[in-house]
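The structure appears below as structure tokens.
The values are calculated or read from the model by the stated rules, or taken from the named source; none is laboratory data. The model shown is predicted, which means the values in this text are computed figures rather than measured ones. Don't worry about glycine lacking a Cβ; one is built from the backbone with ideal geometry, like all the others, and counts go over all protein chains shown. Only protein heavy atoms, including side chains, enter the accessible area calculation; ligands, DNA and RNA are left aside. Shrake-Rupley method; radii C 1.70, N 1.55, O 1.52, S 1.80 Å.
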Amino acid sequence: MPPHGVSIVNLINTRAKSDEQARSLSFRFFTTIMFFIHMFDIGCATALVLISCDTQSEFEKDDTTFQCVLDEATKGFGTDNAKVGDFFALALLRLLLNPLLLYLGIKWGAASGKSLCEAGGCIPCGSRKKRLGSTHGSADSLYTPLTEAEDDLEADSSALLSPTDRNTRSTEENRAARAADAAMPTKRNSYWTNPKFTKNLTLTMIFASSTSAQVYTGLKVSSFNFDGVSAWFAPLMCLTVLWINGNTYLSRTLLEEMTRENGLFLPAVHRHPVFFESTLAFHWCDLCRVRINGKDGAWRCKLCDFDMCTVCAARKDSAIVSENMLRSDKGVKQESEIDNAAYFKRAVGIAGNEKYLLMLSFFLLTLYCLTSLALPDFQGRIIDKVVVDEDGDYDKDGFMENVKIYLFIMLSQGALSTVYSAAFNLVSRKLVFHIRNTLFRKIIIQDVAYFDGTESGRLISRLTNDVNMMMAPIQSSLSSLLNNLFMLFGGVIFCYIKSYRLSMLAFVTVGPIMYLWDLYAKWSKRLNRQMLASWAEGNSIAAQSLSHIRTVKAFGTEEKEIKDYSAVNKEALKSGVKDAWGNGFTTALTSYLDLGTGVLILYYGGLLVMDGEMSVGELVTFQLYWNMMNNAYQNLQSLVTSFTRSAAGAEKVFSLWDATPDINPNLGSDITWNVQGDLILKNVKFFYQMRPDNIVLSGLNLHIPSGKVVALVGPSGGGKSTIINMLMRFYDSKEGSITLDGHNYESLKVSQLRALFGVVSQETELFAKTVAENICYGMEEGSFTQEDIENVAKQAQAHEFIMEMKDGYKTRVGERGGRISGGQRQRLAIARVFLRKPKIILLDEATSALDENSQEAVQEALNLLITKSNATVVLVAHRLSTVMNADKIAVIDKGKVLEEGCHADLVKLGGIYATLVSKQNKKKASLLNQKEADEMKGGGKEGKGKGNSIDDIDSLLASK
Ligand SMILES: Nc1ncnc2c1ncn2[C@@H]1O[C@H](COP(=O)(O)OP(=O)(O)OP(=O)(O)O)[C@@H](O)[C@H]1O
């Protein structure tokens, strides 16, 4: 997926095939534009000189044109304000100085762009690149288990281990270590040899030279004597400021791009490059969740709070097993990076759902802005009417007329502002509603593989913190953005109309202010990303400790959990404090620049009024337009800043927004035939994404005939529950196929396929709802009655205990059904299956977590379910007594079917199953003997609970 960035550099980078090509393209593109801008700059200055000579030659007929041009091109500095040679000389100087500074900046700053990979010692990176090719994390690479990669894992990891360990390593490893050392920040003897310092120095010089050029141009234009000169003078001089700003922007961006640090870029692990930091205490590795040892250092993302320990960096499969990545069933997906423009574009795209309301809001806003732009003009006119004219008279009629118009505009403005802000408010509220709903939908439809690798706390963080942060500017300022844009452009145009001299003077501070805010916004975005990451981490810690509150209390780890939680919050606070200081400092600096401009306008405007070049009313009007423009500009700045900050939240939200699951519940063909429930697993190969080295099913073949009971038995970890997961299509097989009544699973509509199943698993997950709501969970409203619910509860042996509770079927069972017992939960799950009347029933160790007393009741309910349902039943069980009556028993171990057949056939076969049965018989006999002996002694104990039973398959397998 291409990144959503739309800045020039981003656009170029997306077209380039390599980092080098991106830089070379950027260089060519930027230098070409800069060349043209310089040509325009020189062109303007030359035109000024030529026009000036042309005008003069009309007055001074004896002056030769050549002499005049020479004169004009060399004069103009200092007090000789009527000449424009200084414009020409400064344009020439810029033509020399800009490329020189750029060249020095790139030359000096380029050293900071070196990465460990470039230094040639990044073994993990090199080997990863080879392994994953250009499509890091592509489906192909993820489909290959990485077992063979583990062989050289140890050797590679040494490249990134503690620097102190490196002395003992081999030559090649030492090369890597030296390169790592080279890439690490080292203490430098002098600032002048530090590339970062010299690069920043160059940037400062570019900033200083452009600001002084702008100030000079502004002062020159405002003090220039325009009497008797061509009308082209003023616009040509004003254009100079545009060329200066254009070139400054391009030089800065190009310098940043050419000296951009490369870092270690592993898109499948993290979407930004990571950089080695030799001391990184109090951080956790985002891949293995282990605390980073401060002495070893770690890899860190400069843009967000992603950390990777040296061990994970050296792992070949860290790209695949890393947690909290955006992933689907086929593998890791790349998250998109988003900038302000792209973010705004997408927000407007979402707002497009409300296009009529939005159009009305726009229309009202336009009217409001027009009234606002008209007001200062009338204020100026009113003031001019109260000032006595040359004859010593007041224009009372004109005064009254203007006051009436002013009043009318004011009243209209008030009414318009009320209506348009209400309309925009409505749009933004609908937008939040839409975004929250869509995001939840996008999360919930993701593949099970995504949830295997993501902590639920982080997902909650996306729905809350990230959405809130992303929506903050849109919610509060959709209207404010447009309003301010209108006021800014209107203000600039009216300022120039009222007095271009004053405007030129006033605008010289705009460039520096913009630059300062731009610097701050970028810095703030990084801090806010870090803050979001810390909050997500905090949410994850809180969610985990709260959902396992009993374990926390039993182990007395309350203080530890609090400490962990406050540690990550402290990280967020640190970023917040830095941001607050940065904001304060930038605000103070820009405010002083702004106040200075205000004083300048009053001083120079006052002089113009005293010279009779403008009226008092015009000065007031100018001041009002200036304030209007200035306020709009500042509002826009803070909006851009908050947009930039929010882009961090938007990035995460939109990444999820764009991610489509590989097992899409709504894709595939409809199941239109009368389902029999005949299931065939053919050569099925599977491993879980988070543990690609553990092949769980290795070419498994199994036929589950329709309407029959098939029991899966075998040692723990053999792959029985995985088969159940595959049958539910929670995952797709990596190789082989599964068919239902001869139809390939992957061709069927998942939602309809899953609706055919009824499941009772080992740990039934109930919702914090009433008993009745839990029983009918997943059923369509109107497809059942209260009577149906009670009937199924009776069949599941649950009615009795439900009626014993005070609120009966309306009793709320608490989170995960924590207010009722395990056996009761299982019986509710069985009632669910009864109500659903599925074609296929999956029972995954439904009784194994229960003690023997509860087991009896649940088993009774299950037996009834199996006999009454006529469905195909797949049964995973840990007790021989449970599986003995099955039509078919399959012994599963190491992801393969080792034996299959009915009880009698398997006993006859004399294999593993027969051994289990004979072991059980021996145990039974010895237990009987033991009982008799105990009775003789007058005591006696019964085995209770899981594992103690004489027919427990695991214990039979374990016994010799
Ligand atoms: N979500 C998962 N991610 C990674 N590995 C998993 C996941 N679930 C199970 N495994 C691993 O897959 C293998 C098979 O697990 P499975 O649960 O299918 O075994 P089982 O035969 O049902 O075991 P048991 O009888 O103990 O329930 C095990 O090694 C297990 O650790």
### Task
Kindly indicate whether Leu624 is assigned to a helix (DSSP H, G or I), open to solvent by 40 Å² or more (accessible area, probe 1.4 Å), away from the ligand (no atom under 16 Å from the Cβ) and of a type in the set (A, V, I, L, M, F, W, C).
yes
### Options Leu416, Leu439, Leu431: the member that is touching a Leu at 6+ places or on another chain (Cβ under 7 Å), open to solvent by less than 90 Å² (accessible area, probe 1.4 Å), assigned to a helix (DSSP H, G or I) and under 20 Å from Asp466 (Cα atoms)
Leu439
### Message
Kindly evaluate Thr660 against the criterion of being within 23 Å of Ile350 (Cα to Cα), away from the ligand (no atom under 16 Å from the Cβ) and open to solvent by 60 Å² or more (accessible area, probe 1.4 Å).
### Response
yes
### Message
Need a quick list: helices (runs of 4 or more DSSP H) entirely within the stretch 494-588 having at least 3 residues that are in contact with a helix residue (DSSP H, G or I) (Cβ under 9 Å, 6 or more places away or on another chain).
### Response
500-507, 510-547
### Task
Consider only pairs whose beta carbons are under 7 Å apart and that are at least six residues apart or on different chains; among these, list those whose first residue lies in the stretch 677-701 and is under 24 Å from Gln752 (Cα atoms) and among the aromatic types (Phe, Trp, Tyr) and whose second residue is modelled with pLDDT of 90 or more and within 13 Å of the ligand (Cβ to nearest atom).
Phe686/Val696; Phe686/Leu697; Phe686/Thr722; Phe686/Met726; Phe686/Tyr731
### Message
Just to be sure I understand, how many residues within the stretch 773-792 are without any contact (Cβ under 8 Å) to a residue 60 or more places away in the chain, buried (at least 19 other Cβ atoms within 10 Å of the Cβ) and aliphatic (A, V, I, L, M)?
### Response
2
## Note on the structure
Of the residues in the stretch 761-772 that are buried (at least 20 other Cβ atoms within 10 Å of the Cβ) and within 26 Å of Ala877 (Cα to Cα), the one that is nearest to the ligand (Cβ to nearest atom) is Thr764
### Message
Filter the stretch 710-725 down to the residues that are among the aliphatic types (A, V, I, L, M) and modelled with pLDDT of 90 or more and list them by number.
### Response
Val710, Ala711, Leu712, Ile723, Ile724
### Query
Would you call Met469 in contact with a Ser or Thr (Cβ under 9 Å, 6 or more places away or on another chain), at pLDDT 85 or above and of a type in the set (A, V, I, L, M, F, W, C)?
no
### Message
Of all residues being open to solvent by less than 20 Å² (accessible area, probe 1.4 Å) and either farther than 16 Å from Lys919 by Cβ or of a type in the set (Phe, Trp, Tyr) (or both) in the stretch 890-904, which is farthest from the ligand (Cβ to nearest atom)? Just the residue, please.
### Response
Gly901
### Query
Just one of the numbered conditions (1) under 30 Å from Lys868 (Cβ atoms); (2) touching a helix residue (DSSP H, G or I) at 6+ places or on another chain (Cβ under 7 Å); (3) within 16 Å of the ligand (Cβ to nearest atom); (4) of a type in the set (A, V, I, L, M) is not true of Met690; which one?
(1)
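Conditions tested, residue by residue: (1) open to solvent by 20 Å² or more (accessible area, probe 1.4 Å); (2) closer than 23 Å to Tyr592 by Cβ.
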| site | (1), (2) |
| --- | --- |
| Phe494 | yes, no |
| Leu519 | yes, yes |
| Arg529 | no, no |
| Lys553 | yes, no |
| Glu558 | yes, no |
| Asp564 | yes, no |
| Glu571 | yes, no |
### Query
Which one of the conditions (1) away from the ligand (no atom under 16 Å from the Cβ); (2) at pLDDT below 75 does Ala871 fail to meet, given that it meets all the rest?
(2)
### Message
Taking the conditions exactly as written (farther than 25 Å from Lys896 by Cα and either among the hydroxyl-bearing types (Ser, Thr, Tyr) or away from the ligand (no atom under 16 Å from the Cβ) (or both)), does Ile680 satisfy them or not?
### Response
no
### Query
Scanning for something out of contact with any strand residue (DSSP E or B) (no Cβ under 9 Å at 6 or more places or on another chain), open to solvent by 50 Å² or more (accessible area, probe 1.4 Å) and within 16 Å of the ligand (Cβ to nearest atom), does the stretch 447-465 turn up at least one residue?
yes
### Task
From (1) of a type in the set (A, V, I, L, M, F, W, C); (2) open to solvent by 60 Å² or more (accessible area, probe 1.4 Å); (3) modelled with pLDDT under 85, pick out the condition that doesn't hold for Met39.
(3)
### Query
Taking Val696 and the conditions (1) open to solvent by 10 Å² or more (accessible area, probe 1.4 Å); (2) hydrophobic (A, V, I, L, M, F, W, C); (3) outside any strand (DSSP E or B), which numbered condition does it fall short on, given that it satisfies the others?
(3)
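Give Tyr420, Tyr406, Tyr356 a once-over and let me know the one that is under 21 Å from Thr621 (Cα atoms) and of a type in the set (Phe, Trp, Tyr).
Going through Tyr420, Tyr406, Tyr356 in turn, the sole match is Tyr406.
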#### Entry: the stretch 699-721, residues that are buried (at least 16 other Cβ atoms within 10 Å of the Cβ), out of contact with any Gly (no Cβ under 8 Å at 6 or more places or on another chain) and polar (S, T, N, Q)
Ser721
### Query
Considering only residues of the stretch 726-760 that are open to solvent by 40 Å² or more (accessible area, probe 1.4 Å) and within 18 Å of Asp844 (Cβ to Cβ), which is farthest from the ligand (Cβ to nearest atom)?
Arg754
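Does Gly717 count as under 28 Å from Val917 (Cβ atoms), in a loop (DSSP other than H, G, I, E, B) and more than 16 Å from the ligand (Cβ to nearest atom)? Steps first, please.
Numbers: under 28 Å from Val917 (Cβ atoms): yes; in a loop (DSSP other than H, G, I, E, B): yes; more than 16 Å from the ligand (Cβ to nearest atom): no.
Spelling it out, it is not the case that Gly717 is under 28 Å from Val917 (Cβ atoms), in a loop (DSSP other than H, G, I, E, B) and more than 16 Å from the ligand (Cβ to nearest atom).
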### Summary
Exactly one of Met614, Met610 is farther than 19 Å from Leu373 by Cβ and without any contact (Cβ under 8 Å) to a residue 12 or more places away in the chain, and that residue is Met610
### Message
Is it the case, given these coordinates, that Ile802 is in contact (Cβ under 8 Å) with a residue 60 or more places away in the chain and surrounded by 16 or more Cβ atoms within 10 Å (Cβ to Cβ)?
### Response
no
### Task
Please go through the stretch 581-613 and pick out each residue that is more than 16 Å from Trp626 (Cα to Cα) and either over 39 Å from the mean Cα position of the chain (by Cα) or among the basic types (Lys, Arg) (or both).
Leu607, Leu608, Val609, Met610, Asp611, Gly612, Glu613
